Every structure is written in C-alpha cells, then in structure tokens.
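*Asks:* Before I ask anything, here is the structure I am working with.
The numbers here are math on the coordinates, done by the rules we state, and not lab data. Here the structure is a predicted model, which means the values were calculated and not measured.
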Amino acid sequence: MKKIFLGLVLSGLLAFDLSAALGDTTWVTIYNLRKITQYGNYDTSAVLPTGKVYRKIRLHYILGRYACPAGTQYCGSWDYTTEVYAKPAGADTVEIARVITPYATDWLATNRKNDYVIDVTDYSPILQGALGIGYRYEGYSWGFTVTLKLEMIEGTPPMNAVAAKNVYNGYFAYGKTADPIESHLVAEPFQYNAPAAKAYLKNIISGHGSDDNYCSEFCDNYYNLKINNNQVSQKQLWRSDCGKNEIYPQTGTWVYERANWCPGNTVIPIVHDISAVTTPASTFSVDIDMEPYTSPNQSNANAGFNIVSQLITYSAPNYNLDVSLEDIIAPTNDPNYYRENTVCSNPKIKIKNTGTTTVTSVSFNYKLTGGQNNTYTWTGNLSFLEEVIVDLGPSLAMFNANNSNQFEVAIDKVNGSSDQNTFNNNYVSTFVDVRAYPPSFVVYFVTNTSSSQTNPGFNESSWQIINETGTVVASRLNNLNSKTFKDTLTLPAGCYTFIANDDGCDGLSFFANPGAGNGTLRFSSSTTPIPYKTFNGDFGCQVIERFTVGYILPVKENQTAEARNTFQPYPNPAAATVNLVFDVSQYQDVSYSVTDVSGKEVQSGVFNNVSSIAYPVNTSNLTNGLYFVTCHFYKGDVVTKKIIITK
C-alpha cells in the first residue's frame, strides 16, 4: 500500500498526489510533540487534500510526556479532559474526538506514550482543504505532549458522509435547581435533504465534577432520546470496565468506574440510527432528556455533563455484501490491545458488516508470514454496521517454532461468496512472542484482607490456568484472607493462559484502599526461591500472562518486533552464587561477562538455549565489592546490571 507522508501543517499550501489509487494512504501531521503548558485552547490550521473519497479516516492522537521546567508547581499528569475540533469556515465547529488523559505520573521515567486511534470518517465532508483545527486541554497540571496525525485511506466507504451538525455542544450543570440541565437540552428542529438518505445521532457525553453524592463523575445516570417528542432509546452513561483499562499500569485512581469515561481512554460515542423515525425533506425534532436529579446540597452542586450531540447524515449505502477487517486484536504490538497480548494461540480479529445484507458466515485465511496457511469460518448474524470480535480458534502449531513475528489475515468468502469490496479484506500486524517457562514452577500467592462481595466468606482474588483448548488445568479459588498459597505445577508442553481475577476490581494492592493490605502474586522456581515473574498488585479487575511450556520459539535473524530481552540478578547482594533470571522473547544463546569497577573482566561464560528462567553464576572466587554483569543476547540486545558481592 502506497503511503504519502505530509509534514507539519501550520500555514501555506501543499501539493497532493490526486492520481493515487484506491487503498493509498495520505498522512497529515497537525501537531508534532506539542507541549501542553496551560489550561485552554491550542488552535492551528491545516491544508488537507481535496477531490478524494476516503474509505476510512483515522485520527492518531499520540500522547506523551515531557519534563516540566524546574519550579513548576503542577506537573502531575493526571486524568484530564481533552477535545479535538474541526473548524470549517461557514459551518459548525464539531468535536471529532475526546480523550481523557491517563494517570501518567510515571510515564516520563518509563519513556511511555500511547497512540489512540480514533475513527473520524464521519467528518470526511469537512476534513478537506483549508481547515481550522482546535485542541482543548482542561487540566491544571502540565507535562503532556500531543501529536495529532490524520491517516486518510482512499476508497469507497460503507456510506458517504454528507454533513455533521451540532444538536448540543457544551458543559451543563446537573442537579442544580437554579440552572436545570433541561433548560439547555431543549428540542431542536432539523431537516436533511438529498443526497442524504440516512441519519444518525452521535453523542459524546462524559460526566464530571462532584457534589455530596459524588455526581456526576461517580454517578450512574441515563438519558432518554426523543424524536418528535417520542422516546426512541434510553442509554446509561456509565463505564464499568475501567479496571480492565488497556492503558495499564497507571498511577492514581484509574480503576474506579465513572460516568461514561475511564482515565486513559477515549470517550466512546453513543450512536443512534434515527433513519427509521425520520424522513428526508421533512422537519423533525431531536431532544435529549437526562435522568431527573436534584443535588442534595445546592451550595455544593458541582455536578455536570460535557455533552456533544451531532446529527450525522449519509447517502445511501454503497454495498450490498461486504465485510471489513477492522483490526487485529491479537497478536499485535498495538498498546490499545495491551491486555489481549501476547498470545501463543487463538488469534482474535475485529470485523464489521459494511454491506446491507445480513452476514451469516465469513471464511478467513490466516498465517504467520512465510508460514503455512490456516482457515477458519465464523458463523453468526451480523447486521449492517455491526461489529464482532472473532476468535480464530486454537492455533498452537502456527506459533510453535515460527520463523516470523508478522501475522496476516484475509477475508476469503462472505456468505459463501466473494464480497464487493476487496480493499478492506486484509490486515497485517507485528508482535512479540510469549514467554517460555519450565514445565515445573510455583505459583506463589498471598491474599490481602479484601472479602468478596460476590462470594461471601472468601477473598476477592483468585487465579486459574487455561490451556489452548479452553480447559482449566489448575486454579486457586475460594481463598481465605491473609493466607499464603504455594502451588507447584507441572505442565505438559503447550500454550497456557494464566488469569488472576479480583472481583473488587482493585487488584491485590491499591493505594486508595490501604486497609486491605498488600497481596503478592508471582511465578517462582520450584527448586530455588528465585522469582520468574512478579505481578504488579495494582492490576484492577484482572491480570493475564500467556506463556508456553516445552515449545521452542527459535531466534529470528531479522526480527522486526520489539525485543523484550533482559535479566535480573538474584539475590543481590550475593555471596557464592548469583542467579541471572532471564526474561526473553524467544529461546536464544546468551553470553555474559562480569567486570569490576575498573572495567577489568573477571569472569565470563555462555548459556545455551536460554528460556525465561534462572541460570546460576559461580561468584565464590570474587572478593567483596561492586561488579557489573553484562549479558549479550543472540537477538542483539546488550543489558548491564550491577551486583554487590558480600561474604
């Protein structure tokens, strides 16, 4: 696929290749590492291509961190509302994306960032030519950087967007008797005309602020949608999955459920198809009524909702029979699917019905690049514009002894036939391999003092291990509080998924719940007290580790996926023996050297076919003092750690 890269657009004109073929992609960079240094608006302008039709336009909202200047009072990088606007001349300024920043106080030290990918195809009629772009930051603490890029993929969309108009756009108090929210959310008249044939209402709504009931941020409320004064839908404004946030780990209170948002996530639009209750060329009214609510203390009535409601109109659908491969959920390095990866079986993809015919079956071809082809057929019932995540089934043989870290999937047939649009039938991802553990190891588990509300009398936390067929092969359920469990497991060769659940959704340790104490969860050697993997106790609702036993993932000479080869010395300080606990992305040879503080090499060696376990180094001949251990991984990584010898 050809790509046209465009630089930072602040002023002036650019030359565009208008002869590009279907499927070509144009990139436009609007902001590049823009430092956010104050509350408020950051406006600019861009010149976008004209005269093209796009199958999909995706906004890449890349959030990062920078070091605040010395003396900066507020540089916490907490959960703040940010919005991106398109500002066409002579038309409505419309919000095209809303992202709540994460608790990212550790991002600078860990060099983290995240690329939020947001579909903005609805706004294709205005994302062209000379265009004002707005970015609003509603935080009082600095330290974030923002990069905005448009990925504009040519082709025919399911429907051509015609227009986007605001119904409501503002922040409105909730529960305040002197300023009732319904005085702002009044019925608004609209009409759409040819070529518009279908109409959707798109609502981007998030609750913020706090009164004596902790509303609106922590209150579960609904709204009623009325068309021509008739209720057509009711929607809850609540996110109950914050404890399974893909942007993990975070600091702060990231696990708490909130009013239609989670820290570190996009605010997901709520879309209503109102085509069946409206008619082209006829006037109709749109009205949103919030759940009735009165704040108990009007002097502290600080609840509110940030409400953007838009009428999006489209021409008639372009395809009768078409399915789009929307994304690869696993295997992938995409951090937006952090919890679903890494994997050693069961690839998962997302598909969407982009044709008017109900889809009942889709057949796929998939493989690792250079490997043997696999097939799978999904069956179900998928209506126009509905999406579904498809599990391609047990695929251990594909991952075992693979020579590629690139996954390919393609749609072969839809309802037993070829679909009409082949430009959305293929997807490719890169990934890293899962860790390899020895057949025998210990699951070391110390419970905290949080009692389960769903299973009274027991601790909130539990774990289980599932093989590639979905069978539970080991578990630790119904555990008492403040107890230590050491389960020694011996597993046959295969692919496994370890799942630890906490039904309180605050993990084994959470700073905001100190009364529960701190639990512990790790994998350790079955013969020595050496940890292979220690899990972060602040994992929210769930933590997952996928791994192989007895399957060799060979070294790739030209692996392009991100390497994950490192080690830790244990114990440290050490005496006669220090163990090098390796964390490798695939089996490989590792050479090591030990140097003293002057740089003189005092010991060296080689470990063959290393997996993610511990390897002993005899240090009995070393005198007391500080040393450096450098490991050279066959993959090419070089990692150095300090050790102290004390006898």
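*Asks:* If each DSSP helix of 4+ residues adds -39,500 (n - 2.57) and the sum is divided by the residues in the chain, what number results at 222 nm, nearest 500 deg cm²/dmol?
*Replies:* 0 deg cm²/dmol
*Asks:* Here's a follow-up. Taking 21 Å as the cut-off for C-alpha to C-alpha distance, list the pairs among Lys113/Lys350; Lys350/Lys635; Lys533/Lys647; Lys149/Lys352; Lys165/Lys198 that go past it.
*Replies:* Over 21 Å apart, Cα to Cα: Lys113/Lys350; Lys350/Lys635; Lys533/Lys647; Lys149/Lys352.
*Asks:* Projected area of the range 168-260, taken from the Cα convex hull and averaged over every viewing direction, in nm²?
*Replies:* Result: 8.7 nm².
*Asks:* Which of the aspartates and glutamates could a cross-linker span from Lys35 if the Cα-Cα distance has to be under 20 Å and same-chain partners fewer than 8 positions apart are dropped?
*Replies:* The reachable aspartates and glutamates, counting only those whose Cα sits under 20 Å from Lys35, are Asp43, Asp79, Glu83, Asp106, Asp115, Glu138.
*Asks:* For the chain, what's the relative contact order in percent, using C-alpha pairs closer than 8 Å and at least 6 residues apart?
*Replies:* 10
*Asks:* Considering the values [x] 58, 29, 22; [y] 46, 31, 26; [z] 61, 41, 30, which represents semi-axes √(5λ) of the Cα gyration tensor in Å as calculated for the structure under consideration?
*Replies:* Step by step, semi-axes √(5λ) of the Cα gyration tensor in Å for this structure corresponds to label [y].
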